[in-house]
Amino acid sequence: MVTSVSLTDWDKNGWLKPHQTSAQEIADLFDVAARDIADCQVHQVSADWRLNIAYNAALQVAIAALAAAGYRAAREAHHYRAIQSLAFTIGADAAMVSKLDQFRKKRNLGEYERAGRVSDQEAAEMLKLAIELRDKVRNWIGENHRPLFPSP
């Protein structure tokens with residue numbers, strides 16, 4: 001359930017911007033997530049990159065949930081805001097949000113600072129989390145914002 005007061009507070013803080021989405025935008029975000037979920041399962045790619053691709057899939061559906069709620073993250077710390085907003089949009093529990101944030105940090109480290117720090121197990125865990133989040137966001141949009149519902 002959307003806790004609009006919290007998202008409104010975030011908007012007042014400048015962390016979010018009002019956003020009018022469309023069914024096409026939501027579908028496009030889910031298409032990117034679907035592509036990334038498929039691509040991150042190519043095991044010839046490093047675990048670092050598989051985690052990065054799976055993380056991007058999760059990020060796209062987090063952005064879709066935020067858009068369905070009528071917002072987009074402000075430019076500064078937009079990955080962080082998109083992830084944290086899941087508690088207010090889909091009602092994600094603290095464990096899920098925390099795990100996504102840990103993977104965000106791990107992804108940043110592998111993307112910008114150090115190669116080879118991600119295990120195959122971590123990449124697989126991020127993939128599982130991305131799929132779980134995709135399904136939760138799809139169900140939430142279907143229940144709360146039906147006109148925006150993406151096709152399976």
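Quick notes on this one:
- For segment 48-62, the set of residues classified as farther than 11 Å from LEU127 by Cα and surrounded by fewer than 23 Cβ atoms within 10 Å (Cβ to Cβ) consists of ASP48, TRP49, listed by residue number.
- Residue in segment 25-44 that is among the hydrophobic types (A, V, I, L, M, F, W, C), more than 25 Å from LYS106 (Cα to Cα) and surrounded by fewer than 19 Cβ atoms within 10 Å (Cβ to Cβ) present: yes
- Scan segment 1-41 for residues that are in a loop (DSSP other than H, G, I, E, B) and modelled with pLDDT of 90 or more and the total you get is 6.
- If the condition is being in a helix (DSSP H, G or I) and basic (Lys, Arg), then segment 47-103 contributes ARG50, ARG81, LYS99.
- Where ALA123 falls short, out of the listed (1) within 16 Å of PHE30 (Cα to Cα); (2) more than 15 Å from the chain's Cα centre (by Cα); (3) surrounded by 20 or more Cβ atoms within 10 Å (Cβ to Cβ): (1)
- Every pair of residues 6+ apart whose Cβ atoms lie under 6 Å, when the first sits in segment 113-142 and is over 14 Å from LEU51 (Cβ atoms) while the second is β-branched (Val, Ile, Thr): LEU133/VAL61; ARG134/VAL61; LYS136/ILE90; VAL137/VAL61; VAL137/ILE90; TRP140/ILE90
- Only listed residue being more than 13 Å from the chain's Cα centre (by Cα), closer than 25 Å to SER6 by Cβ and of a type in the set (Gly, Ala, Ser), chosen from ALA130, ALA95: ALA95
- Annotation: of all residues in segment 89-115 being among the basic types (Lys, Arg) and surrounded by 14 or more Cβ atoms within 10 Å (Cβ to Cβ), the one that is modelled with the highest pLDDT is LYS99.
The values are calculated or read from the model by the stated rules, or taken from the named source; none is laboratory data. On a predicted model such as this, the values are computed, not experimentally measured, just so you know. Positions of Cβ are generated from backbone atoms using ideal geometry, with glycine treated the same way; all protein chains shown enter the neighbour counts.
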